[in-house]
Amino acid sequence: MKVLTTLADQVDKLASLLQSSAESVDFQVIDSADLDVSVHDAELLLAGYTSDADRALARAVLGSLKKLALDIPVILLVALPDREHVVEGLRAGAADVVTLDDDQHLLQVIKRTRLARAERQERNSWRQRFAASERRCERLMDSSRDAIALISDGVYTYVNVAYALMLGHQDTEDLVPSPVIDSFHPDNHRELKPLMRPLSVTQPIASERKTFRMLGYNGTDFQIEMNVAQIDYQGEPAMQLIAYQKDLARQPGFAATGTAAESTETDPALIECRQVNLKRMTDYLHNATRETVDTQRPWLLHDVRVDEVDSLQGDHRRPR
């Protein structure tokens with residue numbers, strides 16, 4: 001564990017304390033708030049908070065960490081319990097304020113703070129992965145032959161090209177944002193109203209297929225079967241409508257949508273998604289082949305048709 005500290009005269013004591021709790025510790029003393037992200041990234045920062053100079057440096061360090069967006073929890077150490085300094089330090093952004101000689105309390109605070117940091121970083125990692133998968137999903141929706149729309153609070157928040165063309169629009173921006181109810185025949189308004197109410201994260205609406213009577217841009221109306229489901233979109237619940245391409249193909253004059261969708265086959269986003277899936281597949285095959293050789297279990301390849309198995313195994317026996 002890498003620890004930053006402003007307490008140069010307490011490094012040996014703090015190192016001994018943390019190492020006694022089975023921790024391997026790398027201490028780095030800092031004497032100014034001019035932190036370098038590449039040099040000073042650490043799990044924890046222990047700062048003195050007793051004298052005026054200590055407090056000034058600690059507050060400057062807290063400000064620098066916030067400015068650099070570094071997730072380094074700061075624990076302030078005071079010589080004696082002081083309610084005023086505790087409140088002041090917590091308000092400044094410290095994770096906690098601890099008396100320097102209260103070793104057990106300090107160890108508990110460090111353990112709790114590190115655990116909270118690890119959980120926070122894991123949540124951030126999953127948020128980033130979710131956001132990336134959501135972006136890939138939206139790219140696939142963009143290129144889909146199915147007509148897809150997302151609705152929030154009775155307004156279109158997303159439609160793909162196929163959905164816009166289904167209603168006679170050439171541009172998706174003609175529908176986003178606009179009231180959803182304008183796209184449906186008055187005969188469906190009563191049935192549609194329950195789907196337009198605020199959505200609950202804990203009690204999502206069940207998925208179902210419904211037949212709607214839609215209003216086209218040119219004033220025509222037609223019936224189409226759509227799948228209705230609640231999904232998460234950009235961190236909020238949304239209603240998703242999907243009219244599948246096979247159902248759209250039955251609608252007169254809708255062949256143009258298929259052509260428009262086919263043109264998206266060269267969409268760089270779609271190509272990127274396919275490349276990601278292809279690499280994942282080849283990685284799985286590579287790992288399975290290597291495991292077959294390492295464990296001397298050739299039957300692991302029986303699930304995959306591979307030409308020249310002997311040659312393939314020979315290649316993997318060569319030094320890595």
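Tell me, in nm to one decimal, what length is gained between Glu208 and Thr295 on full extension, where the rule is 0.36 nm per residue of separation less the Cα-Cα distance? Please report the intermediate quantities before stating the final value.
Numbers: separation 87, 0.36 × 87 = 31.32 nm, distance 4.81 nm.
So the chain would gain 26.5 nm between Glu208 and Thr295.
Couplings for segment 148-157, taken from phi via the Karplus curve 6.51 cos²θ - 1.76 cosθ + 1.60 with θ = phi - 60°, read 10, 9, 10, 10, 9, 6, x, 10, 5, 9 Hz in order; Gly and Pro are left as x. Couplings 3J(HN,Hα) for segment 45-51, derived from phi with the Karplus relation 6.51 cos²θ - 1.76 cosθ + 1.60 (θ = phi - 60°), are 9, 9, 10, x, 9, 10, 7 Hz, where x marks Gly and Pro. Just so you know, the Cα atoms of segment 60-186 work out to an Rg and Dmax of 25.7, 75 Å.
Hey, could you get me the Stokes-Einstein D for segment 143-263, Kirkwood radius over alpha-carbon pairs, 10 °C and 1.306 mPa s, rounded to whole µm² s⁻¹?
Numbers: Rh = 14.5 Å.
The calculation lands on 110 µm²/s.
May I ask you to order 112-123, 205-216, 152-163, 222-233 by the average number of other C-beta atoms within 10 Å around their residues, highest value first? Kindly include the intermediate steps, with their values, before the conclusion.
On the way: 112-123: 12.4, 205-216: 14.1, 152-163: 21.2, 222-233: 16.8.
Most protected by this proxy first, the peptides run 152-163, 222-233, 205-216, 112-123.
Spread over its residues, the convex hull of the C-alpha atoms of segment 193-253 is 112 Å³ per residue.
Quick check on segment 2-131: what does the Kirkwood estimate of hydrodynamic radius come out to from the alpha carbon pairs, in Å?
On the way: mean 1/r = 0.0662 Å⁻¹.
It works out to 15.1 Å.
Distance between the 7 Å Cα→Cβ label points at Asn227 and Asp9: 7.0 nm.
Students often check this: by mean Cβ neighbours within 10 Å, which of 139-147, 187-195 ranks highest, and how do the rest follow?
For the peptides 139-147, 187-195, the packing ranking is 139-147, 187-195.
Specify the inter-centroid distance of segment 201-231 and segment 119-151, based on alpha-carbon positions, in whole Å. First find each Cα centre; the distance between them is then 22 Å.
Each reported figure results from applying straightforward, stated rules to the coordinates on display, with no laboratory input. This one's a predicted model, so the numbers in the text were calculated from it and none came from an experiment. Don't worry about glycine lacking a Cβ; one is built from the backbone with ideal geometry, like all the others, and counts go over all protein chains shown.
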